[in-house]
1. Among the basic types (Lys, Arg) and not in a loop (DSSP other than H, G, I, E, B): is that true of Lys153 in this structure?
2. Got a number for residues in region 97-107 being in contact (Cβ under 8 Å) with a residue 60 or more places away in the chain and farther than 24 Å from Glu29 by Cα?
3. Under 22 Å from His152 (Cα atoms) and either small (Gly, Ala, Ser) or surrounded by fewer than 19 Cβ atoms within 10 Å (Cβ to Cβ) (or both): does that describe Glu77?
4. Show the residue pairs that are 6+ apart or on different chains and have beta-carbon atoms under 6 Å apart, the first residue being within region 139-151 and modelled with pLDDT of 95 or more, the second being assigned to a helix (DSSP H, G or I).
5. State which residue pairs qualify: first residue among the basic types (Lys, Arg) and inside region 51-72, second residue part of a loop (DSSP other than H, G, I, E, B) and open to solvent by less than 100 Å² (accessible area, probe 1.4 Å) in any location, beta carbons under 9 Å apart, and separation of 6 or more residues or different chains.
6. Take Ala58 and tell me if it is open to solvent by less than 30 Å² (accessible area, probe 1.4 Å) and at pLDDT below 90.
7. Quick one: would you say Arg69 is within 15 Å of the ligand (Cβ to nearest atom) and basic (Lys, Arg)?
8. Can you tell me which residue is farthest from the ligand (Cβ to nearest atom) among those in region 1-45 that are open to solvent by 90 Å² or more (accessible area, probe 1.4 Å) and of a type in the set (Lys, Arg)?
Amino acid sequence: MHNQLITGIMACDLMGAIGKNNKLPWNAEEELEHFRKTTVGNVMIMGYQTFAAMPERALENRWNIVFSRTARVQIKENIVFVSSLQEFLILINDYRDHKCFMIGGAQITNLFLVNNLIAEFILTKFKRVYGGDVFFPLHLLENWSYNIISEHKDFIIYKYLRG
Ligand SMILES: NC(=O)c1ccc[n+]([C@@H]2O[C@H](COP(=O)([O-])OP(=O)(O)OC[C@H]3O[C@@H](n4cnc5c(N)ncnc54)[C@H](OP(=O)(O)O)[C@@H]3O)[C@@H](O)[C@H]2O)c1
């Protein structure tokens, strides 16, 4: 049984877009800095598309757990691949002393929300529409309570708590 607190952390535009052509739809240094500061030193959980889209293919100074059904060879010490939720739930026990963040993309967000694996979600919402081809499942947070962590010129950072 999984009883670890996993925090989601992502950003979307006004319509829920999170990605466009395998990139972030916006260019927002300040938002990236919030992500970096919040997650550094901790465990990152992500889907293979998100992993592949990152310039360095892994986030530095963080453990990276990457979901992929394809057999993948471990290329760096701080990257581990899991091929199913069952495999993940066993592996995550090894990280029980760490803070764990689910960072996307949409497929892995759906998987974690539908299986009730996320207790809180730090979600940045940009104030305008950028358009995109991958969307955050905002309807899955409908019954969650939330408060504002901080308000910025172009975006607001919310914390959602499972209702
Ligand atoms: N704005 C944000 O906060 C944010 C955050 C993250 C990503 N993004 C954007 O989101 C987009 C990528 O999202 P995405 O939804 O297309 O992909 P994703 O969730 O990052 O990764 C999907 C991949 O995960 C693996 N996977 C999915 N379900 C699995 C399961 N049950 N067991 C094992 N492996 C599983 C598969 O990998 P294999 O194909 O290798 O089997 C699948 O192709 C990009 O545009 C990225 O820039 C945005």
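1. Criteria not met by Lys153.
2. Qualifying residue count, region 97-107: 1.
3. No; evaluated as a whole, the condition is false for this residue.
4. Here the result reads Leu140/Leu113, each pair linking region 139-151 to a residue that is assigned to a helix (DSSP H, G or I).
5. Qualifying pairs under 9 Å: Arg57/Lys76; Arg62/Val40; Arg62/Gly41; Arg62/Asn42; Arg62/Asn78; Arg69/Ser83; Arg69/Ser84; Arg72/Ser83.
6. Answer is yes for this residue.
7. Yes, satisfied.
8. Lys37
The values are calculated or read from the model by the stated rules, or taken from the named source; none is laboratory data. Since this is a predicted model, take the numbers as computed values, not measurements. Every residue, glycine as well, gets a Cβ built from its backbone with ideal geometry; the counts of neighbours run over all protein chains shown. Areas reflect the complete protein model, heavy atoms only, side chains present, ligands, DNA and RNA absent. Shrake-Rupley method; radii C 1.70, N 1.55, O 1.52, S 1.80 Å.
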